[in-house]
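Here the structure is laid out as structure tokens; the discussion comes afterwards.
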Amino acid sequence: MIDLRSDTVTRPTESMRAAMARAEVGDDVYGEDPTVLALEERVAGLFGHEAALFTPTGSMANVLAVRSLVGPGQEVLCEARAHIARAELGAHAAYTGLTMRTWISPRGQVELETIQQLFAPDMGPFFVPTVAISVENTHNFAGGAVLPLADLQDLHAYAASVGTKVHMDGARIWNAHVATGVPLTAYGEVADVMAVCLSKGLGAPIGSLMVGSADAIDEARVWRKRMGGGMRQVGVLAAAGLHALDHHVDRLADDHAHARLLAEACGVDPESVDTNIVAIPHDDPPAFIAAAREEGVLVGAVGPSVVRMVTHLDVSREDAERAAKVFASL
Ligand SMILES: Cc1ncc(COP(=O)(O)O)c(C=O)c1O
């Protein structure tokens, strides 16, 4: 089977497993796991932020990051198909007690004029105040679309001008960086707080980080424990992340090329595919998914009329070419 359902399906490589086996560990709740500390320091530095916090999942990193900005009864604005709005099962409402309002953009982009119209200043006991704006880069359900740096810079400047903050769900920020050449620090500059994942295109079996100020991370460390996310000798997992950062970032360019190959086979303009996700409108996703499975290719659906294919570390050029043939025949 060629598994194109998600870039989360990768299995750790032999050399990643060896790095995990070698990892020095300690009790991370005591702050004594040297490998976790090294990963946190490295990732914070990559984005030019003060500190970072290792979490088991991207969802937890997002919940901690957003709650560092937004309290109960306050709101965060985000695009309608943002992962925080659609796919974290209401965690932000359930844990933080915040509300969300959304703008709609076909490619998940920053729509500054709409955001300005949605923005609600704190007017006392009348309206829910907007205290954060969240962006997703790359945007998963918008087909891995990259958000242009200039738009993010404008958004950040606007947010600062009205006293609000920016959260970036950077689960696939590495893909945006490789696709555009924009330095990770430049993405870090336009976000007050971020969540980034090691367990997507980078191929680690688990692991994400919240990135932000030292104060925000100190507070998030308490909340992570409160939510049951205090972990012990997890240097073995952090080692997988460090290995991924060393070996699996530049190769994302291959995933992007493979995704364009798949798009072309489906009659989609390859130029419209920014990174490793191809989202294709389809009348009957279940039928397409079943037919592809018959031919040895697994794909997924995101919504009632969109088929999604995601390339990753475990999809070789030959796999992509074979899958492309299957899609063309279907
Ligand atoms: C954009 C985005 N953010 C956050 C997440 C959450 O990551 P996790 O599955 O590790 O909770 C995902 C998962 O696919 C994602 O695509």
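The values are calculated or read from the model by the stated rules, or taken from the named source; none is laboratory data. If you're wondering where the values come from, they're calculated on a predicted model, not measured in any experiment. Note that each Cβ is placed from the backbone with ideal geometry, even for glycine, and that neighbours are counted across all protein chains shown. Ligands, DNA and RNA are stripped out before the accessible areas are found, and what is left, the full protein with its side chains, is counted by its heavy atoms. Shrake-Rupley method; radii C 1.70, N 1.55, O 1.52, S 1.80 Å.
Quick notes on this one:
- Scope the range 69-105; condition in contact with a Lys or Arg (Cβ under 9 Å, 6 or more places away or on another chain) and among the polar types (S, T, N, Q); matching residues: THR96, THR102, SER105
- Being farther than 22 Å from VAL211 by Cβ and hydrophobic (A, V, I, L, M, F, W, C) is not true of PHE47.
- When residues of the range 297-326 are limited to those that are in contact with a Cys (Cβ under 9 Å, 6 or more places away or on another chain) and open to solvent by less than 10 Å² (accessible area, probe 1.4 Å), the one farthest from THR275 (Cα to Cα): VAL307
- Each residue in the range 192-241 was checked for being over 14 Å from the mean Cα position of the chain (by Cα) and in a loop (DSSP other than H, G, I, E, B), and 11 pass.
- Pairs with Cβ under 8 Å, 6+ apart, first in the range 94-110 and of a type in the set (Lys, Arg), second assigned to a loop (DSSP other than H, G, I, E, B) and open to solvent by less than 60 Å² (accessible area, probe 1.4 Å): ARG107/ALA142; ARG107/GLY143
- Restricting the range 39-60 to residues that are of a type in the set (A, V, I, L, M) and part of a strand (DSSP E or B) leaves a set whose member that is surrounded by the fewest Cβ atoms within 10 Å (Cβ to Cβ) is ALA51.
- LEU237 meets all of the listed conditions (1) more than 22 Å from ALA145 (Cα to Cα); (2) in contact with a Pro (Cβ under 8 Å, 6 or more places away or on another chain); (3) surrounded by fewer than 17 Cβ atoms within 10 Å (Cβ to Cβ); (4) not β-branched (Val, Ile, Thr) but one, namely (3).
- Residue match in the range 7-16 (condition: at pLDDT 95 or above, assigned to a strand (DSSP E or B), acidic (Asp, Glu) and within 22 Å of HIS256 (Cβ to Cβ)): no
- When the residues of the range 198-217 are filtered to those that are open to solvent by 10 Å² or more (accessible area, probe 1.4 Å) and touching a strand residue (DSSP E or B) at 6+ places or on another chain (Cβ under 8 Å), the one that is farthest from the ligand (Cβ to nearest atom) is ALA214.
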